[in-house]
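First up is the structure itself, then whatever we jot down about it.
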Amino acid sequence: MAEFVTVAKVGAIAEGTGAAFIVGDKLVAVFNLGGGEYQAINDLCPHMGASLADGQLENGMVTCPWHAWRFRVTDGTWCDNPRIKTDTFEVRVVGDEIQVLSK
């Protein structure tokens, strides 16, 4: 059964960065896009398994720190081949808690 899981407090993820959290049985990268907007995708790059939370976030895209694959954090699409995607997760803010929907 899907349910929202609190992963961090507002302010714990600096604007323009990401952080990895365990949500259910998944490792999820949560990104702070600024303006109170957060997005979440699978933390493991589908290419070689690097942590996308450790990648550079710019213009709504995260660049994998190992081989520079770029993914849109809004829908998980690989920017160089839109047929390849990684999972996305719904994010909400309730009070001062950042919550991710487990799948």
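The values are calculated or read from the model by the stated rules, or taken from the named source; none is laboratory data. Remember, predicted model here, so these are calculated numbers, not experimental data. Heads up, the Cβs are rebuilt from the backbone with ideal geometry, glycines too, and the neighbour counts pull from every protein chain shown. Ligands, DNA and RNA are stripped out before the accessible areas are found, and what is left, the full protein with its side chains, is counted by its heavy atoms. Shrake-Rupley method; radii C 1.70, N 1.55, O 1.52, S 1.80 Å.
Observations
- Scanning segment 22-42 for residues that are open to solvent by less than 40 Å² (accessible area, probe 1.4 Å) and touching a residue at least 60 places away in the same chain (Cβ under 8 Å), we see that the one that is farthest from Pro65 (Cα to Cα) is Val23.
- Looking only at segment 35-71, residues that are among the small types (Gly, Ala, Ser) and more than 12 Å from the chain's Cα centre (by Cα) come to 5 in all.
- Criterion applied to Glu15, Glu3 was being under 16 Å from Ser102 (Cα atoms) and among the acidic types (Asp, Glu), and the one residue passing it is Glu3.
- Those residues of segment 13-35 which are over 13 Å from Phe89 (Cβ atoms) and outside any strand (DSSP E or B), in sequence order: Ile13, Ala14, Glu15, Gly16, Thr17, Gly35
- Test: residue in segment 22-31 that is over 21 Å from Glu3 (Cβ atoms), out of contact with any Gly (no Cβ under 7 Å at 6 or more places or on another chain) and either modelled with pLDDT of 95 or more or hydrophobic (A, V, I, L, M, F, W, C) (or both): no
- Total residues in segment 43-58, condition open to solvent by 70 Å² or more (accessible area, probe 1.4 Å) and at pLDDT 95 or above: 4
- Filtered residues of segment 92-103 (kept if part of a strand (DSSP E or B) and within 19 Å of Asp25 (Cβ to Cβ)): Gln99, Val100, Leu101
- Selection count, segment 80-96, where residues are within 11 Å of Thr6 (Cβ to Cβ) and open to solvent by 90 Å² or more (accessible area, probe 1.4 Å): 1
- Restricting segment 61-79 to residues that are within 14 Å of Leu44 (Cβ to Cβ) and of a type outside the set (Val, Ile, Thr), the residue that is most open to solvent (accessible area, probe 1.4 Å) is Trp66.
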